[in-house]
1. Using R₀ = 22 Å, calculate the FRET efficiency as 1/(1 + (r/R₀)^6) where r is the Cβ-Cβ separation of T120 and S93; round to 0.05.
2. In sequence order, what are the phi-derived ³J(HN,Hα) couplings for the range 90-106 according to the Karplus relation 6.51 cos²θ - 1.76 cosθ + 1.60 with θ = phi - 60°, rounded to whole Hz, with x for glycine and proline?
3. Report ³J(HN,Hα) in whole Hz for each residue of the range 172-181, in order, from the Karplus equation J = 6.51 cos²θ - 1.76 cosθ + 1.60 where θ = phi - 60°; Gly and Pro get x.
4. Under the 0.36 nm per residue contour assumption, what length would be gained going from the current alpha-carbon distance of L169 and T21 to full extension?
5. By how many nm would the segment from L54 to M28 grow when fully extended, if each residue of separation counts as 0.36 nm and the alpha-carbon distance is taken off?
6. Would you mind computing, in nm to one decimal, how far apart the modelled labels at D66 and A130 are, each placed 7 Å from Cα along Cα→Cβ?
7. Using a 7 Å offset from the Cα along the Cα-to-Cβ direction at both K75 and Q148, what is the distance between the two label points in nm, to one decimal?
8. Give the shape of the chain as rounded, prolate or oblate, defined through the alpha-carbon gyration tensor: a ≥ b ≥ c are the square roots of its eigenvalues, a/c under 1.5 means rounded, and otherwise the shape is prolate if a/b is larger than b/c and oblate if not.
Amino acid sequence: MIAAIVAIAGTGAAAASAATTYRCPLTMGVVCDVPLSGGVHGDVLIGDGYGFNLRGNGAAGYVQVDNSGTIPMGKFPISFSVEVKGVGIPSSSVGDYDVVRGTPAGNWKIEVVAKNNRTTARAACFFKGASGKATAAGGPDLNTRQGQWTTITCTDTGSAVELRVDGVLAKRVAVSTGMIPNPGPMLVGAKDTSGGDQFSGYARNVQIDIP
């Protein structure tokens with residue numbers, strides 16, 4: 001499916017504008033819809049969503065989307081979202097879970113971070129641009145929702161970073177990041193093949209929405 005055109009309704013007399021959506025379903029063996037193209041590496045279970053390194057052994061599992069750098073990110077708002085399931089609390093040896101990450105510098109990412117002395121797992125967004133950076137973390141404890149799919153959405157509006165969990169605004173941080181570098185590739189499931197920031201859980205329906 002070529003990058004889908006999604007109509008966004010305007011308000012009042014304002015005309016409707018259009019956004020472009022890029023998708024990586026990560027379901028039933030499908031990695032990404034064209035024009036994106038992703039490859040699976042390491043310890044990944046494929047089914048209703050992709051399971052990353054759930055057994056805690058073998059090579060860290062991740063999906064690498066090599067051509068994600070072709071997504072134009074010059075205007076705001078920019079939104080990234082992913083559905084997750086089976087997410088526990090990141091251990092101190094891992095640090096946090098990088099569910100979806102722009103590389104090489106990690107200028108944008110969707111994470112799961114440990115809070116409250118590592119007793120809860122919360123969704124988090126991070127954006128870093130030429131003029132500022134911010135992390136927004138919050139929402140329900142994902143460790144108590146392991147049996148259900150939860151949607152995490154991270155948005156850079158141009159003047160704020162916003163985190164939504166299942167469509168509900170959980171955190172908003174006022175910041176002007178400026179242009180977000182996005183050379184790629186995009187990684188899903190782990191920062192790389194070793195070390196910290198490896199995701200343990202299921203993910204599906206990665207989506208990038210741009211103006």
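1. In this case the efficiency is close to 0.75.
2. Once θ is set to phi - 60°, the couplings for the range 90-106 become x, 6, 5, 6, 7, x, 8, 9, 8, 7, 9, 9, x, 10, x, 9, x Hz.
3. Going residue by residue, I get 9, 10, 6, 6, 9, 7, x, 4, 9, x Hz, with x marking Gly and Pro.
4. 51.2 nm
5. Full extension of this stretch gives 7.6 nm more.
6. Taking the simple label geometry, D66 and A130 are separated by 3.0 nm.
7. If labels sit at K75 and Q148, their model points lie 3.6 nm apart.
8. prolate
Bear in mind these aren't lab numbers, they're just calculated from the coordinates by the rules spelled out. Values in this document were obtained by computation on a predicted structure and should not be read as measured data. Using ideal geometry, Cβ is built from the backbone for each residue, glycine included, and neighbour counts are taken over all protein chains shown.
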